[in-house]
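In what follows, a single structure is set out as structure tokens and then discussed.
Bear in mind these aren't lab numbers, they're just calculated from the coordinates by the rules spelled out. Just so it is clear, the structure is predicted and the values come from calculations on it, not from any experiment. Note that we place each Cβ from the backbone using ideal geometry, even for glycine, and neighbour counts take in every protein chain shown.
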Amino acid sequence: MTMALPQMTPDLVQAFQHALQAALTLVVSHAVGVGIVMYMDLSGRWERYAICKSRSKKTMADYWPGWKSFCVDLVLVFIPCVTLLIWFQADAIFRSRDTVPQATAKLVSGYVLGKIWAAGAHYLLHHPRLYAIHRRHHQKPAHLVASSAWEDSFIEYAVMEMPSFGLTLCIFPTLWWMHLMHFVWHGMDGASSHSGFKAPGLLGFLFDGEYHYYHHAHLTVNYAELEILDKLFGTHHSQKERFSKRAS
């Protein structure tokens, strides 16, 4: 007697297909951001704008580990979680009657809530008993490249990064194409925060990695991606007494 395997319902199949679309959107967005920074880096055009003056000459091989980790995170965490969230909120997403201003307000609210979660989780991951989970991400400042954003363990990704995506889908579901814009922003933002450069001009502004660089250089500052959160909790790099612990 054989046991039949459970069949995926049409709704779950649709959710999975849209989760793949979200993952592809995130990958393409991140690839564009990393590609721009990598070109400026490897061509030497931004050499003088490296934040870490002891930064060594990079090659394409330096950008590869982050991509491998990113792909593992997508397969093990992102796609399964987003599939379930889309399936759970399918009606609110695919039958949404939100106007663009309403959808924008929802995404901004979800983004801020997600960043609050990520900042809190990030702070907790620096606790001595939890830091082993986070240590892999904390490479030396001289080794930072734009693809380093998700060079982490899948556990860290699940605890810190995934909720920052998921809270928006779960609590503020809205027009699907607007959620895709949210993933575009996250992909570009990851490349920007870990670029390791502070260059002039529009590209320099879009890929300014100075704020998060200080976190890698000084472990007790800049846990958040929204500066106001660090200022509220006394962990902003401008509060110079926090610069007591150096990255090893």
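Between V77, V100, V27, the GNM of the chain built on Cα springs shorter than 10 angstrom shows V100 fluctuating the most. Note on the chain: helix-only mean residue ellipticity at 222 nm, from DSSP H runs of 4+ residues weighted -39500 (n - 2.57) and normalised by residue number, equals -18000 deg cm²/dmol. Please list, in order, the residues from region 147-181 whose amide nitrogen is less than 17 Å from a point placed 7 Å along the Cα→Cβ vector of A92. Inside the label zone: 163-180. Give a quick list of trypsin sites (Lys or Arg not before Pro) in region 21-74 that DSSP marks as loop, anything other than H, G, I, E or B, with at most 15 other Cβ atoms within 10 Å. For trypsin sites (Lys or Arg not before Pro) across region 21-74 that sit outside H, G, I, E and B with at most 15 neighbouring Cβ atoms in 10 Å, the list reads R45, K53, K57.
Sorted from longest to shortest, the spans of the Cα atoms of region 62-145 along the three principal axes equal 47, 25, 25 Å.
The angle separating the long axis of helix 60-73 from the principal Cα axis of greatest extent in the chain is about 30 degrees. Overall shape of region 122-248 was characterised from the C-alpha gyration tensor. The equivalent ellipsoid obtained from it has semi-axes of 24, 19, 15 Å, in decreasing order. The mean sequence distance of close C-alpha pairs (under 8 Å, at least 6 residues apart), as a share of the length of the chain, puts its relative contact order at 26 percent.
Cross-link reach is defined here as a Cα-Cα straight distance under 18 Å, omitting same-chain residues fewer than 8 places apart; for K198 the aspartates and glutamates meeting it are D41, E47, D189, D208, E210, E225, E227. Annotation for region 63-82 versus region 121-140: alpha-carbon center distance of 19 Å.
Using alpha carbons only, the radius of gyration of the chain set against its Kirkwood radius gives Rg/Rh = 1.00.
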